[in-house]
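The values are calculated or read from the model by the stated rules, or taken from the named source; none is laboratory data. All figures in this text were calculated on a predicted structure; none of them were measured in a lab. Glycine also receives a Cβ, built like all others from the backbone with ideal geometry; neighbour counts cover every protein chain displayed.
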Amino acid sequence: MKKSALLGLCLLFLCLFTTPAFAHATLLQSTPSEGAVLQQNPGAVKLLFSESLTPELIELHLYNWEAEQIELPPPQLTKGNASEAYAELPAGLPEGSYRVLWSVVSEDGHLIDGEVSFALGQVSENIAPIAAGEGSAETVDTVHIIAHDAAESILLVAAGLYLLSLYAKRMNVPQASELLGRWKKAGWALLLLLSAGELITMLIILEDDALSRVFQQGELGILTETPFLVTVLLQMLLLLLLALPGMMKSWPALIFTLLTLNMAQSGHALALEPMWLALLLRMLHLLSIALWVGGLFYLLLLWRRPLEKSLFRSFFLRVFLGSSLLVALSGVLMVGVQTDWSAVLAAGTLWSGLLFSKISLMAIMLALALVQSTRWRKDAQKLSYPLLRIEWVFGLLVILAGVVMSMIAYP
């Protein structure tokens, strides 16, 4: 068992220090510039990004005003500047409007895309919309998002559940393993399956032939091309540790805490300055959410048991109060480190919308918690089970909003 503990601590060290600081790639400048009307063919399309790029992970597609794709040579990096990609334009392009659809995989493993429009000679009167991508590509993206969201939600709930279980045993309250029963093995298998789904779909998104190159040709180096893939591999390794004899019984709280800390490496935290503060705040934020939502789930599991509710009333009230305050405080500080509130209020982006949705959901959860706490303080039997379920569902929505926010660009 000592070896297991040592292995767990080594993995903690890996989770904290193996992934360098990365951010989402941002388009800084394009040539031609957005909306430019040129009198002659510029000869090439150039895109300058905020970070170095990998040539194999860049795509540029040119469309005319009739939404017809025009073949371009493979994009290349400008010599001496790995942050700039370019593709030569065909000679003899007729006058009219053109659109360049670009996509790159940033160093943190996220797929970023956009569009640059320009015209030669004059702007076309009628510009046809470009058809949506192929259904198979959209399906892969959807599966990836679902697997990623579901895995992180389950991990956070499990982390909170097992962490609280360490202290709940002092009050002779049933432990998480006992309450979950056979479902804990099913949950472990589901998490491993979702993690494998994240890995496979990310490989497909990165390169069309990545799967065959990894599993048929043995090019394992592809698995370390992006920090996101490394994070998923660590996640799968930690989950496999739980399959070792005695690990699920003795060390679930440690393993799920490591999984939560590993999760903190994804998203924007490691790209910010000071990095230690951004990382610390994200870890605190995730662990606080885990305790809050995991505590609600723990209470849901306990509520159907023939137990004296007053025995653990004060414990859970302290947990909910402390964790909700930490979630709010760390969230506010994270926004301050990551961006500024004036930019968030003025942006009107998806990220801003998700942030305000998350704040609204947390406000509703706090209101429900206040109502529930008031009832419970008066009578240990008056806690509303339906309201508890609603509060837990809102907690899951908060987690999902946070996961999506970590995957998209912020103001």
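Within the stretch 221-228, is there a residue that is of a type in the set (Phe, Trp, Tyr) and surrounded by fewer than 20 Cβ atoms within 10 Å (Cβ to Cβ)? Looking through the stretch 221-228, none of the residues is of a type in the set (Phe, Trp, Tyr) and surrounded by fewer than 20 Cβ atoms within 10 Å (Cβ to Cβ).
Residues checked against (1) in contact with a Ser or Thr (Cβ under 7 Å, 6 or more places away or on another chain); (2) modelled with pLDDT of 80 or more:
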| site | (1), (2) |
| --- | --- |
| Leu240 | no, yes |
| Asn262 | yes, yes |
| Ala269 | no, no |
| Met275 | no, no |
| Ala278 | no, no |
| Leu329 | no, yes |
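Being farther than 19 Å from Ala210 by Cβ and touching a helix residue (DSSP H, G or I) at 6+ places or on another chain (Cβ under 9 Å), is that true of even one residue in the stretch 91-110? No - not one qualifying residue is present in the stretch 91-110.
Looking only at the stretch 273-296, residues that are surrounded by fewer than 18 Cβ atoms within 10 Å (Cβ to Cβ) and touching a Leu at 6+ places or on another chain (Cβ under 9 Å) come to 1 in all.
Out of curiosity, is Val214 farther than 26 Å from Phe297 by Cα, β-branched (Val, Ile, Thr) and assigned to a helix (DSSP H, G or I)?
yes
When Asp141, Asp108 are checked against the criterion of being at pLDDT below 80 and not assigned by TED's automatic domain parsing to the domain that holds Leu239, a single residue qualifies: Asp108.
The set of residues from the stretch 70-92 being within 18 Å of Pro42 (Cα to Cα) and surrounded by fewer than 16 Cβ atoms within 10 Å (Cβ to Cβ) comprises Ile70, Glu71, Pro73, Pro74, Gln76, Thr78, Glu88, Pro90, Ala91, Gly92.
Could you tell me whether any residue of the stretch 305-322 is surrounded by fewer than 17 Cβ atoms within 10 Å (Cβ to Cβ), at pLDDT below 80 and under 25 Å from Ala278 (Cβ atoms)? No, the stretch 305-322 has no match at all.
Any residue at all in the stretch 63-84 that's out of contact with any strand residue (DSSP E or B) (no Cβ under 9 Å at 6 or more places or on another chain) and touching a residue at least 40 places away in the same chain (Cβ under 8 Å)? Show your work before the answer.
As a first pass, look at the stretch 63-84 and keep what is out of contact with any strand residue (DSSP E or B) (no Cβ under 9 Å at 6 or more places or on another chain): 68, 79-80, 82.
Adding the requirement that they be touching a residue at least 40 places away in the same chain (Cβ under 8 Å) leaves none.
Within the stretch 63-84 (the criterion being out of contact with any strand residue (DSSP E or B) (no Cβ under 9 Å at 6 or more places or on another chain) and touching a residue at least 40 places away in the same chain (Cβ under 8 Å)), the answer is no, since none of the residues qualifies.
One residue is enough: does the stretch 162-175 have a residue meeting the conditions assigned by TED's automatic domain parsing to the domain that holds Pro252, of a type in the set (Gly, Ala, Ser) and either touching a residue at least 60 places away in the same chain (Cβ under 8 Å) or outside any helix (DSSP H, G or I) (or both)? For the stretch 162-175, residues assigned by TED's automatic domain parsing to the domain that holds Pro252, of a type in the set (Gly, Ala, Ser) and either touching a residue at least 60 places away in the same chain (Cβ under 8 Å) or outside any helix (DSSP H, G or I) (or both): present.
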